[in-house]
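J.: My questions will all concern the structure given below.
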């Protein structure tokens, strides 16, 4: 078995119009820029995207949004230093937004991956983000019921990958990536290096290959933050 | 800050009568034998113990049960090659048993650690283990509501520990240990070696120190399986 | 008829062999403790199958030589195993996320009874004994396909394939295929559908030791298994 | 009175300094994005404080020198940080397990409004703009203690300590202590309780810029902060 995919273009080829796509990263760390740019090139539209943010500048997720490919965004924090692309579309009514508290977003994605259809959290109880959601009392405290979140595809960024899809991550670039890997029908990981089977210590594997469908090597990945500081624009 | 504790006896000294104690391990792997034996020596009674099993032979958890210190056991699989100690007490009505499916047990403990008071799982729906539990339908499928599980203490076994309580584990000896570390008021880890702060690669830390209250070095820990094959008896 | 069946029926190893033939290259598989574990031995050459065990290992291999065991490297049956290249360790919550989250392609379990609606009873005989469930209830509602390997009848000659289970259930409507000592039976739309049977037993005799109607859709094949 | 207050009130750095004095040795602390982040600078010597950031780092330190940034090592405000010895990385679900599961000793956040019942409004002004919540709603219901650092009044001179929040809530009954530019106020049993105030402002003047009754239990102390 070999999950290696030859190019970012081949990796995203199955993502069609209307797909729900989870995209890893927190700001620039862990954002799979090359996979996102391949998705911009491929051009599917009417996507629902799950990400913590709404992109920055004019690369990565911001580029995907700027191209009008995203119909709906599920995220916790669509504000940033340069959120112009998203903000303009949002106020023009051209993109739908579902705001989810960050910990609830993470837990909903994990629940999707773990087969837990719903759970209760104290987060957002009594606030407008809980409106319309079931509430329940446990041991005298109130909680909000939240549903799992799943996707058709997850595009994630990792550091090392082996042909079976075992992954490690670099520093704080894990963030949502290991969770999204669990919650999608098809998970594609871009990695800085594909290493032979058996080269990753089994105790150091962060995402076991069972959660990963394809691995594509991007040997010197761009960091979104660095691109933005250079004023890069894609395409 | 230094979470190092000098001896197993000091590590379990706070555990009093009636405490709920999670004990890591799956069979012998990851079972904190020396901490359990210290608890046998300390002698608190009427304990509620959470473990996947009911001990083996006459050491570790089996010894704790044999001494009559355990009033209630929450576990998934109290049968084994030599479960005599538990079985005799169970049929004599001297120990209470709550059987929980293994994945539900793991998830309940994680939920306890993660501040999730309840969640839904397909596991056990329609079976006698779901009797009396709320059920709900999501997307046309039925699920059982399960509650979090917390403890006063967790006794766990890890491989490396640093003074701040960061832990790594050896092979499949993780099992319930990292989860129980999250779910107890006070978590004590026995480790094969205490290493200086900064010696564990931050990317390889499995249990961050925030979940750990005390670390005690047991430099050549006994493996429960090995002890049992030697016919060991404690005390 | 019991003696007759004993003469022709497949051994556990042969049932395991047959089940192994259906496991695709690249599948992620959990084998239940005991008899189902034998399936790994008969994995056809040229197929990569990745085995999962509840206690947190993916990609384990055969048992080590006696004396070479490392008791921190065991399977759910607490037997020592070895690692294949590309293995991974993880904690119990992640392990059951794999199970419950639908990431396993297949779980193969033993059974006391399987009903024609797919209900499975395999965790408790309901008569005394210490109850113990382990991971069975999670596996039946998690893996994409749940298959059973079992003798076709009990030691007393009673059907194990039944209309409705009389023993405590492990899961509802979860089994899709049964490999028995006499036949291969699918469960479809609440019915047993015969796919293969031993040449040595007639359809009527097979039906006689089966507790619910065996439907036939088109042809069924011979259940042909090598001597093992 | 606004000009008068401006003359005597503490700077953000001074408020942060005061908040830092209450953080115990060995505490696990999350500091909100922006102003609360300054607290780390004023950590008293001899105390080990372990800082948590939502994006999966425990044990981070100060910002690196310009040009030395590694953009895979950032905090929740997306600013580059460094690591202290004994740091750890983890994914977002584990990070919020720490938050929601009550493992943090303290979270210090900014505020638009804090009500005397402990309600906090700090995520949305309710007027246009793109809504963005981040981790604030998780932090207020997770950390064992939730403190606020804030100016005592808005730029227009209106109280930020109020009877009931008029802005969209972040959490109910979650704040227990408020460090303002004029005072330190606890929330106990649904009331503001004055603990410290600047010597330069009278109790009556302080009450006049506070939107709900300031109770006094026993003595209150001077809020004494160094020039910074």
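J.: Output the number of residues of region D:3-20 satisfying the condition of being surrounded by 14 or more Cβ atoms within 10 Å (Cβ to Cβ) and in a helix (DSSP H, G or I).
T.: Here the count works out to 10.
J.: Kindly check whether there is at least one residue in region A:44-61 that is assigned to a helix (DSSP H, G or I), more than 28 Å from residue A:144 (Cβ to Cβ) and within 14 Å of chain D (Cβ to nearest Cβ).
T.: No, every residue in region A:44-61 fails to be assigned to a helix (DSSP H, G or I), more than 28 Å from residue A:144 (Cβ to Cβ) and within 14 Å of chain D (Cβ to nearest Cβ).
J.: Can you tell me how many residues in region C:5-26 are in contact (Cβ under 8 Å) with a residue 60 or more places away in the chain and either within 20 Å of residue C:155 (Cα to Cα) or more than 14 Å from every other protein chain (Cβ to nearest Cβ) (or both)?
T.: Matching residues across region C:5-26 total 14.
J.: Now for a separate question. Working only within region A:185-198, note down all residues that are within 14 Å of chain C (Cβ to nearest Cβ) and touching a helix residue (DSSP H, G or I) at 6+ places or on another chain (Cβ under 8 Å).
T.: Within region A:185-198, just A:187 meets the criteria.
J.: Would you call residue D:29 assigned to a helix (DSSP H, G or I), closer than 17 Å to residue D:175 by Cα and within 14 Å of chain B (Cβ to nearest Cβ)?
T.: Criteria not met by residue D:29.
J.: Also, I was wondering about something else. Tell me yes or no: at least one residue of region A:203-215 is more than 15 Å from residue A:8 (Cα to Cα), out of contact with any helix residue (DSSP H, G or I) (no Cβ under 8 Å at 6 or more places or on another chain), more than 9 Å from every other protein chain (Cβ to nearest Cβ) and not in a strand (DSSP E or B).
T.: no
J.: Follow-up. Select, from C:45, C:54, the only residue that is out of contact with any strand residue (DSSP E or B) (no Cβ under 7 Å at 6 or more places or on another chain) and buried (at least 22 other Cβ atoms within 10 Å of the Cβ).
T.: On inspection, the qualifying residue turns out to be C:54.
J.: With respect to residue D:62, is the statement that it is modelled with pLDDT of 95 or more and either more than 14 Å from chain B (Cβ to nearest Cβ) or more than 21 Å from the chain's Cα centre (by Cα) (or both) true?
T.: no
J.: Being touching a strand residue (DSSP E or B) at 6+ places or on another chain (Cβ under 7 Å) and either closer than 13 Å to residue D:180 by Cα or within 13 Å of another protein chain (Cβ to nearest Cβ) (or both) is the filter here, so list the residues in region D:32-42 that pass it.
T.: D:32, D:35, D:36
J.: Counting only residues that are within 25 Å of residue D:60 (Cα to Cα) and in contact (Cβ under 8 Å) with a residue 24 or more places away in the chain, which one in region A:195-218 is surrounded by the fewest Cβ atoms within 10 Å (Cβ to Cβ)?
T.: Among those that are within 25 Å of residue D:60 (Cα to Cα) and in contact (Cβ under 8 Å) with a residue 24 or more places away in the chain, it is A:204.
J.: Please enumerate the residues belonging to region A:8-33 that are part of a helix (DSSP H, G or I) and surrounded by 23 or more Cβ atoms within 10 Å (Cβ to Cβ).
T.: A:8, A:11, A:33
J.: Could you please let me know if residue C:100 is within 14 Å of chain A (Cβ to nearest Cβ) and either buried (at least 24 other Cβ atoms within 10 Å of the Cβ) or free of Cβ contacts under 8 Å to residues at least 40 places away in the same chain (or both)?
T.: yes
J.: Something else: Being touching a strand residue (DSSP E or B) at 6+ places or on another chain (Cβ under 8 Å), surrounded by fewer than 15 Cβ atoms within 10 Å (Cβ to Cβ) and in a helix (DSSP H, G or I) is the filter here, so list the residues in region D:186-206 that pass it.
T.: Of everything in region D:186-206, just one residue is touching a strand residue (DSSP E or B) at 6+ places or on another chain (Cβ under 8 Å), surrounded by fewer than 15 Cβ atoms within 10 Å (Cβ to Cβ) and in a helix (DSSP H, G or I), namely D:203.
J.: In addition: Restricting to region D:83-97, and then to whatever is at the interface with chain B (Cβ under 7 Å from one of its Cβ atoms) and farther than 14 Å from residue D:28 by Cβ, can you tell me which residue is nearest to the chain's Cα centre (by Cα)?
T.: D:83
J.: Moving on. Please enumerate the residues belonging to region B:178-194 that are closer than 21 Å to residue B:44 by Cβ, surrounded by fewer than 24 Cβ atoms within 10 Å (Cβ to Cβ) and touching a residue at least 60 places away in the same chain (Cβ under 8 Å).
T.: Once the filter is applied, which keeps residues that are closer than 21 Å to residue B:44 by Cβ, surrounded by fewer than 24 Cβ atoms within 10 Å (Cβ to Cβ) and touching a residue at least 60 places away in the same chain (Cβ under 8 Å), region B:178-194 yields only B:186.
The values are calculated or read from the model by the stated rules, or taken from the named source; none is laboratory data. As the structure is a computational prediction, the values presented were derived from the model and not from experiment. We place every Cβ from the backbone using ideal geometry, glycine too, and count neighbours over all the protein chains shown.
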